[in-house]
1. Taking Cα atoms, how many degrees apart are the long axis of helix 170-179 and the longest axis of the chain, rounded to 10 and kept between 0 and 90?
2. State, to one decimal in nm², a quarter of the convex hull surface area for the C-alpha atoms of region 123-244, i.e. the direction-averaged projected area.
3. When the chain is fully extended, how far beyond the present Cα-Cα distance does Glu169 get from Asn261, taking 0.36 nm per residue of separation?
4. Provide the gained length on full extension for the span Ala179 to Met1, in nm with one decimal, where the gain is 0.36 nm per separating residue minus the Cα-Cα distance.
5. To the nearest 20 Debye, how big is the dipole of the chain about its Cα centre, given +1 on the beta carbon of each Lys and Arg and -1 on that of each Asp and Glu?
6. Comparing Glu103, Glu212, Glu83, which has the greatest mean-square fluctuation in the GNM of the chain with Cα pairs linked when under 10 Å apart?
7. Could you give the length gained on full extension between Ile225 and Ser140, defined as 0.36 nm per residue of separation minus the Cα-Cα distance, in nm?
8. What is the dipole size for region 183-277, taken about its Cα centre, with +1 at each Lys and Arg Cβ and -1 at each Asp and Glu Cβ, in debye to the nearest 20?
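The values are calculated or read from the model by the stated rules, or taken from the named source; none is laboratory data. As the structure is a prediction and not an experimental result, all values here were calculated from the model. Positions of Cβ are backbone-derived with ideal geometry, glycine not excepted, and every protein chain shown enters the neighbour counts. Please note that ligands, DNA and RNA were not included when accessible areas were found on the heavy atoms of the full protein model with its side chains. Shrake-Rupley method; radii C 1.70, N 1.55, O 1.52, S 1.80 Å.
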Amino acid sequence: MVFDLHSHSNCSDGILSPQALVSRAKEKGVTVLALTDHDTIAGIEPARQAAADEGVTLVAGIEFSSRWGSREVHVLGLGLNTESPPLLEAIAQQQAARDTRAEAIGERLARLGIPDALAGARALAQGQVGRPHFAQYLVSIGRVKDEAAAFKKYLGAGKPADVKFQWPEMTQAIRWIHASDGIAVLAHPAKYPLTRTKRNALIADFADAGGEAVEVISGRQTNDITEDLAKMAETHGLAASCGSDFHRPDAPWQELANFGNLPERCRPVWTLLGYPA
Ligand code: MN
Ligand code: MN
Ligand code: MN
């Protein structure tokens, strides 16, 4: 069996529809696919139907944004009961956090003499409104020459329209997932700007909070990273997950199923989802 337990559709910041994502997964040899859009399960139902047609097994998932201290970290929920009221409430709360931030960015830009940025960004977004949509809007009205310039002048860290998210604590994200019958997986620990000591502390805290697994493999990465994360997972008694973090077809380092095998020492997270090791 080929497991890819981290992917995105255009219900969050991916490019493909849930149906097209499932078809591509099939094409790439994935037999068990988790759809883990950012803070939404809108793609799960259409993906489920496509998966049934294609003979792929779909795992209902999500990727929650959360906070560890002052840092943003992502927590995957796998095998969710998508009708669970706590899950639907959590998603509503995350959506509200995104809306609040988008409104605050819109207000900052209005004060800078760009009155319709929020409406403009909303019109450009398919679903969730994020900074890229504000950047696209600023380009479209000729305020900046390209999106990079929009970040450099307005939206980037420390710039006048930079507004931080108020995400919930990582422990809260884990509780939401457990209340929805899911397995909590710390997403891509090597991708946060942390020293090895801090990364280890994050994984320790995740385990203490009841999280079940660490994403030992996230797309193409070096063996050193894989081995190091496998060791940390083992040390803290956590299972191991693997996924591409697929967003778009033109990014081969995040292509579906395009990553190595979990090291022997790992206890695969799919055993917790009922699949054989
Ligand atoms: Mn993303
Ligand atoms: Mn992530
Ligand atoms: Mn992701």
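1. The angle comes out near 60 degrees.
2. Details: hull surface 39.6 nm².
Its Cα hull, projected and averaged over all orientations, spans 9.9 nm².
3. Working: separation 92, 0.36 × 92 = 33.12 nm, distance 3.11 nm.
Taking 0.36 nm per residue and subtracting the Cα distance, the gain is 30.0 nm.
4. On the way: separation 178, 0.36 × 178 = 64.08 nm, distance 2.84 nm.
Stretched out fully, the Ala179 to Met1 stretch lengthens by 61.2 nm.
5. Working: 28 positive and 33 negative charges, 211 e Å.
Rounded to the nearest 20 debye, it is 1020 debye.
6. Largest GNM mean-square fluctuation: Glu83.
7. Numbers: separation 85, 0.36 × 85 = 30.60 nm, distance 4.06 nm.
Separation in residues times 0.36 nm, less the Cα-Cα distance, equals 26.5 nm.
8. On the way: 9 positive and 12 negative charges, 26 e Å.
Roughly 120 debye, rounded to the nearest 20.
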